[in-house]
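Colleague: The structure is given below, and queries will be raised subsequently.
Read-outs: derived from the displayed coordinates by stated rules, not from any lab. Just so you know, these numbers come straight off a predicted model, no measurement behind them. Reconstructed Cβ throughout: ideal geometry from the backbone, glycine too, with neighbour counts over all protein chains shown.
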Amino acid sequence: MAVSQIVTTALGFVASNPTLFIVGLLLQVLAYVLYSFLYSGKKGANPLQNDKRRPPEPFVYDIRSRDVILKDRFKPAKVPDNLDVIIIGSGIGGLAAGVLLSRVGKKVLILEQHDQAGGCCHSFIEKGFEFDTGIHYIGELQDGSPYRVLLDQLTGGQLRWVKMADAFDTVAVGEPSKAKLYPMKAGPGFYQNLIDQFPTEKDAILKYRDLVQDAAGSFISVVILKLLPRRLVSFLVKTGLPRLVMTFFRKGYATRTVQEVLDELTNNQELKLVLCYIYGDYGLAPRDAPFALHAAIVAHYQDGAYYPVNGSSEIAYHMIKEIHKGGGKVLVQSSVSQILCDSDGTAVGVRVGKNELDIHAKYIISNAGVVNTFQKLLPEKVAKASNVYPLIEKVGQSYAFITAFIGVEGSAAELNLPEGNIWWHDGQELNSICNISEMGLVQRVER
């Protein structure tokens, strides 16, 4: 058989059986990935190989004792010798990286510019009241869930969680004294609860449910692409294969906005507002946020929300103690002004404080955010050489917010306070809060 005839026959088979061809190609890709993971390259240590949970210890309420861990002020003498890793920023990402690296024998130093470690997990005391600054609830923390297992391992099993009320969120629409309340109830009846409140919109709500489940479930495609070798991903992207076979990309969940999806489902403005109320959790207006992001957050809370007993600072407190066990340190009031790089552009250290103390380590991790890292900390030449740099202005930043902290006398039971959050909108415009934010920004710039 001539070569040309073989080629013609093969192309004809592919044209007649495109699904079979795609499945076969994906199986080859999977086999390549498995081979790469199992048989090639140097295998690293597994920080989760051993169960690090231990029986919960009594809570530490003494402020001074907690400050020893959470407010360990920077001094050059406190910097450990022979550092393996320096992490900029003590938010949950930096602390998690620090714990995991400590577990595999790396000596870690985390530098935090604030006067307390923890990022959005820190709290403060004012006039006898302790206020949390960031976390107001976390989803998917039922026993045995991946999030619960990971947090238990990162904190030695010392965190205790209380489940919030079934109506973990309530959407209030209208003037405060006349606002209509729409409770969002956790559990199997999550969507039936919405139907009960909007009975004429049953079809739209069920379609919304299907889209949320499909988008959230297909997000694994993004994770798979992150795990594949870069050259293979580059090849797949150039061929357009992910857009053809991966639901996440094929259905445009990353490119369609929340508002676009809701506009296709219903004309009921109040229902749209209730369905997208949670955009405050991810900091983008419905007209800007990709539906995939929204779906992931909605799915995260569908089965209920949890809150850490004794406040969110417990998370940082116990993670830092785990880092100490590996000989590491978490030091506050240590503002990093620059990431030091060698002639090849490799990060080799950081410059700290007004006295410009240089500290070196084998690895440098920035948990200070992409904008701060690439526009403020890295040398300009190194930053601009990265393929991340051009995307910063294109993507932009999320909205900022102002928080008012109010202390009241009495327990939640005595004051009949619900164990949940209230999201208030004075009207039915989906993007109204963000419009106000933008207006304020424009007025400040003009002044």
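Colleague: On full extension of the chain, what length is gained from Asn46 through Asp358, given 0.36 nm per residue of separation minus the C-alpha to C-alpha distance?
Modeller: Here the answer is 109.2 nm.
Colleague: Fewest first, what order do Met184, Met246, Met319, Met164 take by the number of other Cβ atoms within 10 Å?
Modeller: Ascending number of Cβ neighbours within 10 Å: Met246, Met164, Met184, Met319.
Colleague: Among the DSSP beta bridges whose two residues both lie in the chain, what percent are antiparallel, rounded to the nearest 5?
Modeller: 60 percent
Colleague: Roughly what would the spin-label model give for Leu241 and Asn387, points 7 Å off Cα along C-beta, in nm?
Modeller: Distance between label points: 1.7 nm.
Colleague: By its C-alpha gyration tensor, with a ≥ b ≥ c as the square roots of the eigenvalues, how is segment 246-290 shaped: rounded for a/c under 1.5, else prolate for a/b larger than b/c, else oblate? Mind dumping the intermediate values first?
Modeller: Values: a/c = 2.55, a/b = 1.36, b/c = 1.87.
The shape class here is oblate.
Colleague: Continuing with the same structure: Quick one: if you stick a label point 7 Å off each Cα along the C-beta vector at Gln269 and Asn310, how many nm between them?
Modeller: Output for this residue pair reads 4.9 nm.
Colleague: Based only on other Cβ atoms within 10 Å, what is the fewest-to-most ordering of Val332, Val60?
Modeller: Listing Val332, Val60 from fewest to most nearby Cβ atoms yields Val60, Val332.
Colleague: Pop the C-beta distance of His324 and Thr403 into the FRET formula with R0 = 41 Å and round what comes out to the nearest 0.05. Please report the intermediate quantities before stating the final value.
Modeller: Details: r = 30 Å, r/R0 = 0.74.
Efficiency, from the Cβ-Cβ distance: 0.85.
Colleague: Suppose R0 equals 35 Å; then what is the FRET efficiency for Val370 and Val104 from their Cβ-Cβ distance, rounded to the nearest 0.05?
Modeller: 0.85
Colleague: Kindly list the residues of segment 80-124 that lie in the label zone of Leu150, defined by a backbone N under 15 Å from the point 7 Å along the Cα-to-C-beta vector.
Modeller: Correct set: 92-101.
Colleague: List, in order, the whole-Hz ³J(HN,Hα) value for each residue of segment 388-393 obtained from phi through the Karplus relation with A = 6.51, B = -1.76, C = 1.60 and θ = phi - 60°; use x for Gly and Pro.
Modeller: So the Karplus estimates, Gly and Pro as x, are 7, 3, x, 7, 4, 5 Hz.
Colleague: Mean Kyte-Doolittle of at least -1.0 and a Cα length of 18 Å or more along the axis: which whole DSSP H helices of the chain meet both? Intermediate results must be reported in sequence, preceding the final value.
Modeller: Details: long enough: 3-16 (20 Å, 1.46); 18-39 (31 Å, 1.83); 202-218 (24 Å, -0.42); 313-325 (19 Å, -0.47); 432-446 (21 Å, 0.34).
Helix filter hits for the chain: 3-16, 18-39, 202-218, 313-325, 432-446.
Colleague: Please work out the Cα center distance from segment 241-289 to segment 47-82, rounded to the nearest Å.
Modeller: When both Cα centres are located, 41 Å separates them.
Colleague: Can you sort Glu270, Glu112, Glu140 so the residue with the fewest Cβ neighbours within 10 Å comes first?
Modeller: Details: Glu270 19, Glu112 31, Glu140 16.
Ranking Glu270, Glu112, Glu140 by Cβ neighbours within 10 Å, fewest first, gives Glu140, Glu270, Glu112.
Colleague: Tell me the GluC sites (Glu not before Pro) within segment 381-434 that lie in a loop according to DSSP and have at most 11 other beta-carbon atoms within 10 Å. Each step should come with its number before you reach the end.
Modeller: Values: sites: Glu393, Glu409, Glu414, Glu419, Glu429; in loops: Glu409, Glu419, Glu429.
The qualifying sites are Glu409.
Colleague: Determine the shape class of segment 102-243: with a ≥ b ≥ c the square roots of the Cα gyration tensor eigenvalues, call it rounded for a/c under 1.5, and otherwise prolate if a/b is greater than b/c, oblate otherwise.
Modeller: Oblate.
Colleague: How many angstrom lie between the C-alpha centres of segment 316-351 and segment 208-238?
Modeller: One Cα centre to the other: 32 Å.
Colleague: Classify segment 40-80: rounded, prolate or oblate, from the alpha-carbon gyration tensor (a ≥ b ≥ c, eigenvalue square roots; a/c under 1.5 rounded; otherwise prolate if a/b is larger than b/c)?
Modeller: Oblate is the answer for segment 40-80, as a/c is 1.5 or above yet b/c matches or exceeds a/b.
Colleague: Between Ile297 and Ser343, what FRET efficiency follows from the Cβ-Cβ distance if R0 is 41 Å, with the result rounded to 0.05?
Modeller: 0.40
Colleague: In Å³ and rounded to a whole number, note down the convex hull volume per residue for the Cα atoms of the chain.
Modeller: 225 Å³
Colleague: What number, rounded to the nearest 500 deg cm²/dmol, is the helix-based mean residue ellipticity at 222 nm of the chain, given -39500 (n - 2.57) per DSSP H run of at least four residues and division by all its residues?
Modeller: Only helices count here, giving -12500 deg cm²/dmol.
Colleague: What pairs from Lys251/Lys384; Lys75/Lys329; Lys106/Lys325; Lys106/Lys362 go past 21 Å between their alpha carbons?
Modeller: Where the Cα-Cα span goes over 21 Å, the pairs concerned are Lys251/Lys384.
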